[in-house]
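Colleague: My questions all concern the structure below.
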Amino acid sequence: MNEYLPGLEGVPATRSNISVIDGEKGILAYRGYPIEQLAEHSTFEETALLLLDGQLPLADELADFDAQLRRNRRVKYNIREMMKHMPATGHPMEMLQTAVACLGMFYPCNERISGTDLADDLDYIHSMTVKIIARMPVIVAAWEHIRNGYDPFAPRCDLSFAENFLFMFTGQEPDPMLARILDTCLILHAEHTINASTFAALVTGSTLASPYGVVAAAIGTLSGPLHGGANQKVVEMLEQIGRPENVQTWLDKKLEAKAKVWGFGHREYKVKDPRATILQGLVEKLAASRGVSPLFETALALEEAASERLGAKGVYANVDFYSGILYAEMGIPPDQFTALFAVARSAGWLAHWREQLADNRIFRPTQVYTGEPVRDYTPVHLRGRV
Ligand code: COA
């Protein structure tokens, strides 16, 4: 096949049985289970295990996985020391990418990874997966304190994944309602077929790089504003708009300038992203119990106006449109939103890493060459420009 399709739109990059999207009907399912049912009934821990193993765990399997995640929350102090030397103004995604890549130096696995029977060593794959999923939230929460000049709070084993993150981030006992909302956000962000960062993870995994390298590559890819970085942009955009009555003028100007409405549009969905619908419901729930945030009123007005203008192109609200409003209510600053996205997506990335290893062939696509034909080298004293 020599046809070049920009952005590889519609080109299958792998075979996968982890998740599926129906972009016309607005359906997303992990291992066959609709996202709405997982958001309602599951926990992040259970959803992560479902993504990794392919089936809903039995009670003892889930308890065991949960205990492993809790046990693996501790991070060596040298990693915290390294983080203390990073510039406080650095973006959390750059910190996270560096720290995760660095975990590979503190918990090396290079010898194991080059083994030819790697794909069959499920104990090894599982143990690496647990270590990474358990430590990423600890690193993100620790950074919030380190960058402000304080020692981080130590992780607690008596709290769930979401509760521990909130505790470590805020230093306060986690509010049960916010913890459940965060847990649901983590479920919604855990996996999404072959998006850009998951593709980066597959490519890196296909070289048999270490899982730390795989996740670090995926974090770098997620950081861009066309991908995970959009959630930060959404809140900044809503703050800039200020009030619902400013929406129409703001939107006219942006669309005239051919600028993007952040949190809108998706390569796969031609209708509203089902995750945006669930997140909107969570914001409404929070608003009903604690009052409506001005950001939410502006978001509702913008969604209505932008859907009217962009709907004909199949451009509607995506997962990033409402998530930031929830994170802001939890006291999480906008530049940490994408890092929290990465914490959740680590489960999906590692599920794809495992799937890739089971049927691995190194990625090596081709190109459509548009450069000069092969030509002779000219010594520097004979060169000139015409
Ligand atoms: N705001 C305004 N117009 C948008 C838009 C947005 N957020 N997203 C897409 N469009 C328009 C494009 O301008 C284009 O219009 P045209 O055909 O008149 O030129 C059309 O819709 C198709 O968009 P395109 O950029 O080709 O789609 P894509 O599949 O390549 O890109 C995204 C998908 C997600 C990168 C894109 O929608 C986007 O940049 N969204 C904003 C960033 C964002 O929220 N990312 C998070 C994704 S979960």
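Colleague: Could you give me the ³J(HN,Hα) list for the range 263-280, computed from phi with Karplus coefficients 6.51, -1.76, 1.60 and θ = phi - 60°, whole Hz, x at Gly and Pro?
Modeller: x, 10, x, 6, 4, 8, 8, 10, 10, 4, 4, x, 5, 5, 5, 5, 5, 4
Colleague: Which entries in 25/313; 25/233; 260/313; 233/258; 131/285; 254/313 show an alpha-carbon gap greater than 23 Å?
Modeller: Pairs exceeding 23 Å: 25/233; 131/285.
Colleague: Rounded to whole Hz and in sequence order, give me ³J(HN,Hα) for the range 356-364 from the Karplus expression 6.51 cos²θ - 1.76 cosθ + 1.60, θ = phi - 60°, writing x for Gly and Pro.
Modeller: These are the phi-based 3J(HN,Hα) values: 4, 5, 5, 8, 7, 9, 4, 6, 8 Hz.
Colleague: Placing +1 at every Lys and Arg Cβ and -1 at every Asp and Glu Cβ, with all other atoms neutral, what dipole size does the range 254-369 have around its Cα centre, in debye to the nearest 20?
Modeller: 440
Colleague: Continuing with the same structure: Rounded to the nearest 0.05, what FRET efficiency do residue 358 and residue 290 have when you use their Cβ-Cβ distance and R0 = 45 Å?
Modeller: 0.45
Colleague: Let me ask another. At what distance in angstrom do the alpha carbon centres of the range 246-264 and the range 304-346 lie from each other?
Modeller: Answer, in whole Å: 16.
Colleague: Taking only protein heavy atoms into account and a 1.4 Å probe, give the accessible area per residue of the chain in Å².
Modeller: I get 49 Å² per residue for this part.
Colleague: Hey, another quick one. When we measure straight from the Cα of residue 270, which aspartates and glutamates land under 13 angstrom away, once same-chain ones fewer than 8 places off are left out?
Modeller: Answer for residue 270, where 13 Å is the Cα cut-off: 22, 24, listed by chain and number.
Colleague: Just the number, please: carbon plus sulfur as a percent of the accessible area of the chain, 1.4 Å probe, no ligands or DNA/RNA counted.
Modeller: 52
Colleague: Here is a further query. Once every DSSP H run of n ≥ 4 in the chain is given -39500 (n - 2.57) and the sum is divided by its residues, what mean residue ellipticity at 222 nm do you get, rounded to the nearest 500 deg cm²/dmol?
Modeller: Result for the chain, helices only: -17500 deg cm²/dmol.
The values are calculated or read from the model by the stated rules, or taken from the named source; none is laboratory data. Computed from a predicted structure; not experimentally measured. Cβ sites come from the backbone with ideal geometry, for glycine too, and all protein chains shown count toward neighbours. All accessible areas refer to the heavy atoms of the entire protein, side chains included, with ligands and DNA or RNA removed. Shrake-Rupley method; radii C 1.70, N 1.55, O 1.52, S 1.80 Å.
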